[in-house]
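This report concerns only the one structure given below.
The values are calculated or read from the model by the stated rules, or taken from the named source; none is laboratory data. Values in this document were obtained by computation on a predicted structure and should not be read as measured data. Please note: Cβ atoms are built from the backbone with ideal geometry, for glycine as well, and neighbour counts cover all protein chains shown. Side chains are part of the model used for accessible areas, which takes the heavy atoms of the whole protein and leaves out ligands, DNA and RNA. Shrake-Rupley method; radii C 1.70, N 1.55, O 1.52, S 1.80 Å.
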Amino acid sequence: MIEVVNLKKSFNSVEVLKDISTTINEGEKVVIIGPSGSGKSTFLRCLNCMEDPTDGKIIFDGVDIADMNVDINVHRQKMGMVFQHFNLFNNKTVLENIMLAPVHIQCQKMKKLKKQKLLGKDINEDILTKKQIIEKEKKRAMELLERIDLQDKADAYPASLSGGQKQRVAIVRSLAMNPEVMLFDEPTSALDPEMVGEVLELMKELAKDGMTMVVVTHEMGFAREVGSRVIFMDEGKIVEENTPDEFFANPKSDRLKDFLSKVL
Amino acid sequence: MGNFQVKWEAFSRAFFDNGGYKEVLSGLQNTVLIAVIGLAIGIVLGTLLAIAEVMPQYKTLPKILNKISHTYVAFFRGTPIVVQLLVGYFVLRPLLGLQTINALTSCIIIFGMNSGAYVSEIMRGGINSVDPGQMEGGRSVGLSYSTTMLKIVIPQAIKNILPSLGNEFIALIKDTSIVSFVGAKDLYVAFKYIGTNNYEFMVPYLIMALIYIVMVLMITALIKLTERRLKKSDRSSES
Ligand SMILES: Nc1ncnc2c1ncn2[C@@H]1O[C@H](COP(=O)(O)OP(=O)(O)OP(=O)(O)O)[C@@H](O)[C@H]1O
Ligand SMILES: [Mg+2]
């Protein structure tokens with residue numbers, strides 16, 4: 001699903017990612033761990049080109065999205081991303097947060113279809129009005145909120161939510177775009193301990209539903225339980241990767257042994 | 001004080017009996033019109049200029065827009081508004097064949113363009129004060145840079161800079177007192193007309209000053225009120 005080929009990334013001539021290649025297959029749950037500053041976030045952010053790779057390819061559904069000439073927005077719609085600090089839209093209600101992108105993007109699409117129809121092209125798809133799109137997406141957003149049991153917060157602003165609630169809303173905001181893959185960058189690191197559980201629980205549900213996931217985390221329990229593959233990154237390289245059982249029971253490199261002895 | 005009595009009576013004759021109040025009302029209307037529409041133009045223009053300043057600069061087009069924005073702001077901040085008004089009205093208007101545009105409209109346009117330069121600086125600060133995570137959140141769900149900017153970042157930026165925009169409005173109100181240079185009729189023209197009626201300028205100009213002060217005080221109070229409202233809404237939403 002995502003093929004990373006010789007990915008390199010530098011920030012002002014400091015090389016942060018040094019020639020990374022790996023493939024993330026459909027349905028896989030890849031967990032990335034490693035010491036601070038090893039490039040985990042940068043790697044994750046390169047996967048949907050939030051950081052533009054300095055060199056190499058990111059092939060997503062057959063298209064090299066690292067190519068500056070592709071319309072990255074179209075591809076990002078199919079890659080959800082969840083941040084450490086939630087990044088909910090502060091000026092929008094919970095419901096608006098979830099509906100904004102799907103409504104906007106479908107309205108754009110309908111405009112394009114209408115134009116093509118005016119030009120005399122055959123359009124097979126139904127052309128929805130803005131009102132129909134909003135109705136449809138509102139229903140979908142409410143379903144998503146029910147799923148995380150926050151339907152009564154639909155009209156609340158993010159500032160009034162707890163950290164755990166914010167992160168769960170952020171996750172369903174991504175889900176509203178029906179992504180093929182979800183990227184998580186330390187989704188529980190900014191949470192009070194008592195809220196970590198509810199977010200991990202939702203992520204486990206997603207995993208069970210078959211979502212392809214790439215998760216940067218310090219939650220070793222999650223890596224063991226949910227991961228189908230664990231990647232250890234250090235100094236901008238993938239040092240070791242394996243199934244969780246092998247990874248934690250039989251670490252091969254000294255650096256991973258050293259790292260595990262500190263965190264476990 | 002007897003002297004003042006005479007001056008007051010002269011004023012009141014010109015103001016009430018000779019139709020001076022009509023001049024004052026239409027002058028006041030023009031002053032407010034130039035400032036309000038000027039600020040509206042300034043906010044739209046300033047927002048576009050500010051976006052051109054903060055846009056990522058990888059590609060050629062953003063680089064060009066950035067240069068244009070820089071030059072624009074440097075020009076409008078670097079010359080007195082009187083000069084902009086005179087050049088705009090007496091040089092550009094005939095050169096561009098725009099003689100059909102009257103003095104009032106010309107003033108509105110030029111004040112709007114001038115305000116755009118100042119608002120762009122304010123807006124740039126406002127945009128930079130918004131958490132970069134807001135842009136990332138928008139981009140991560142597939143919204144474009146410009147959509148995220150307009151729907152997410154700019155509204156939050158405007159909330160942060162409302163007080164500064166209020167100050168810009170006050171500056172505009174005061175600056176409009178020069179529009180008679182190109183023949184537009186504002187408060188000053190109205191009170192000069194009243195004074196000229198019987199060559200008594202003391203009372204008319206005193207009252208003109210009072211009207212300006214009252215306007216500025218009213219706007220200041222309005223800014224304070226919105227500031228307090230916003231603070232309150234921030235607090236209640238965080239509880
Ligand atoms: N925008 C940036 N500009 C310059 N340097 C950066 C930037 N982002 C990251 N870096 C640098 O790249 C290196 C890797 O950072 P990255 O955030 O990917 O590490 P990480 O593994 O996610 O660490 P952590 O566990 O602390 O989140 C660090 O040395 C960091 O200082
Ligand atoms: Mg990180």
Would you be able to tell me the number of residues in segment B:5-37 that are surrounded by 14 or more Cβ atoms within 10 Å (Cβ to Cβ) and basic (Lys, Arg)? 2
Could you check segment A:15-48 and list, in sequence order, the residues that are more than 16 Å from ligand 2 (Cβ to nearest atom) and not polar (S, T, N, Q)? A:15, A:18, A:19, A:24, A:26, A:27, A:28, A:29
From A:60, A:89, residue being more than 30 Å from residue A:245 (Cα to Cα) and aromatic (Phe, Trp, Tyr): A:89
How many residues are farther than 24 Å from residue A:248 by Cβ, within 8 Å of ligand 1 (Cβ to nearest atom) and either small (Gly, Ala, Ser) or out of contact with any helix residue (DSSP H, G or I) (no Cβ under 8 Å at 6 or more places or on another chain) (or both) when one looks only at segment A:12-46? 4
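When you check residue A:190 against the structure, is it touching a Gly at 6+ places or on another chain (Cβ under 9 Å) and within 14 Å of another protein chain (Cβ to nearest Cβ), yes or no? Spell out the reasoning first.
Details: touching a Gly at 6+ places or on another chain (Cβ under 9 Å): yes; within 14 Å of another protein chain (Cβ to nearest Cβ): yes.
So residue A:190 passes the test.
Could you please find all residues in segment A:49-60 being within 14 Å of chain B (Cβ to nearest Cβ), more than 16 Å from ligand 2 (Cβ to nearest atom) and crowded, with 20+ Cβ neighbours inside 10 Å? Give the derivation first.
Quick first cut of segment A:49-60, residues within 14 Å of chain B (Cβ to nearest Cβ) only: A:49-54, A:60.
So of that shortlist, the ones also more than 16 Å from ligand 2 (Cβ to nearest atom) come out as A:49, A:52-54, A:60.
Once the filter is applied, which keeps residues that are within 14 Å of chain B (Cβ to nearest Cβ), more than 16 Å from ligand 2 (Cβ to nearest atom) and crowded, with 20+ Cβ neighbours inside 10 Å, segment A:49-60 yields A:49, A:53, A:60.
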I'd like the residue in segment A:127-175 that is away from chain B (no Cβ under 14 Å) and outside any helix (DSSP H, G or I) and, out of all such residues, is surrounded by the most Cβ atoms within 10 Å (Cβ to Cβ). A:148
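Out of curiosity, is residue B:192 under 22 Å from residue B:83 (Cβ atoms) and either open to solvent by 50 Å² or more (accessible area, probe 1.4 Å) or more than 15 Å from the chain's Cα centre (by Cα) (or both)? Can you show your working first?
Working: under 22 Å from residue B:83 (Cβ atoms): no; either open to solvent by 50 Å² or more (accessible area, probe 1.4 Å) or more than 15 Å from the chain's Cα centre (by Cα) (or both): yes.
Taking the combined requirement at face value, the residue does not satisfy it.
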List pairs: first residue in segment B:167-188 and among the polar types (S, T, N, Q), second residue in a helix (DSSP H, G or I) and buried (at least 18 other Cβ atoms within 10 Å of the Cβ) anywhere in the structure, Cβ distance under 6 angstrom, at least six positions apart or on different chains. B:176/B:31; B:176/B:34; B:176/B:35; B:177/B:188; B:180/B:188; B:180/B:189
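In the list B:122, B:127, B:161, which residue meets the criterion of being under 25 Å from residue A:98 (Cα atoms) and among the hydrophobic types (A, V, I, L, M, F, W, C)? First the steps, then the outcome.
Values: B:122 fails: under 25 Å from residue A:98 (Cα atoms); B:161 fails: under 25 Å from residue A:98 (Cα atoms).
Only one candidate qualifies: B:127.
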Report, by residue number, each residue of segment B:46-58 that is in a helix (DSSP H, G or I) and open to solvent by less than 50 Å² (accessible area, probe 1.4 Å). B:46, B:47, B:49, B:50, B:51, B:52, B:53, B:54
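Does residue A:216 fit the bill of being among the β-branched types (Val, Ile, Thr) and within 16 Å of ligand 1 (Cβ to nearest atom)? Before you say what the answer is, go through the steps one by one.
Numbers: among the β-branched types (Val, Ile, Thr): yes; within 16 Å of ligand 1 (Cβ to nearest atom): yes.
Here the answer is yes, as residue A:216 does meet what is asked.
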Would you check if residue B:68 is open to solvent by 30 Å² or more (accessible area, probe 1.4 Å) and closer than 20 Å to residue B:110 by Cβ? yes
If I filter segment A:240-262 for residues that are within 16 Å of ligand 2 (Cβ to nearest atom) and open to solvent by less than 10 Å² (accessible area, probe 1.4 Å), do I get at least one hit? no
Where residue B:174 falls short, out of the listed (1) surrounded by 17 or more Cβ atoms within 10 Å (Cβ to Cβ); (2) more than 30 Å from residue A:91 (Cβ to Cβ): (1)
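Going by the conditions given, is residue B:77 open to solvent by 40 Å² or more (accessible area, probe 1.4 Å) and in contact with a Leu (Cβ under 9 Å, 6 or more places away or on another chain)? Step through it out loud before you land on a result.
Details: open to solvent by 40 Å² or more (accessible area, probe 1.4 Å): yes; in contact with a Leu (Cβ under 9 Å, 6 or more places away or on another chain): no.
No, not satisfied.
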Being hydrophobic (A, V, I, L, M, F, W, C), in contact with a helix residue (DSSP H, G or I) (Cβ under 9 Å, 6 or more places away or on another chain) and outside any helix (DSSP H, G or I) is the filter here; which residues of segment A:49-80 pass it? A:49, A:50, A:58, A:60, A:63, A:65, A:66, A:79
Could you go through segment B:135-158 and let me know if any residue there is within 14 Å of chain A (Cβ to nearest Cβ) and of a type in the set (Asp, Glu). yes
Yes/no for residue B:153 being closer than 30 Å to residue A:105 by Cα and not in a helix (DSSP H, G or I): no
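Touching a strand residue (DSSP E or B) at 6+ places or on another chain (Cβ under 7 Å) and either more than 16 Å from ligand 2 (Cβ to nearest atom) or over 30 Å from residue A:162 (Cα atoms) (or both) - does that describe any residue in segment A:85-94? Can you show your working first?
Taking segment A:85-94 and keeping what is touching a strand residue (DSSP E or B) at 6+ places or on another chain (Cβ under 7 Å), we get none.
For segment A:85-94, residues touching a strand residue (DSSP E or B) at 6+ places or on another chain (Cβ under 7 Å) and either more than 16 Å from ligand 2 (Cβ to nearest atom) or over 30 Å from residue A:162 (Cα atoms) (or both): absent.
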Condition first: within 13 Å of ligand 2 (Cβ to nearest atom) and open to solvent by 50 Å² or more (accessible area, probe 1.4 Å). Now tell me which residues in segment A:211-228 satisfy that. A:218
Is there a residue in segment B:146-155 that is farther than 30 Å from residue B:103 by Cβ, touching a residue at least 40 places away in the same chain (Cβ under 8 Å) and of a type in the set (Val, Ile, Thr)? yes
Matching residues in segment A:81-101 (open to solvent by less than 10 Å² (accessible area, probe 1.4 Å), within 11 Å of another protein chain (Cβ to nearest Cβ), more than 16 Å from ligand 1 (Cβ to nearest atom) and outside any loop (DSSP other than H, G, I, E, B)) number 3
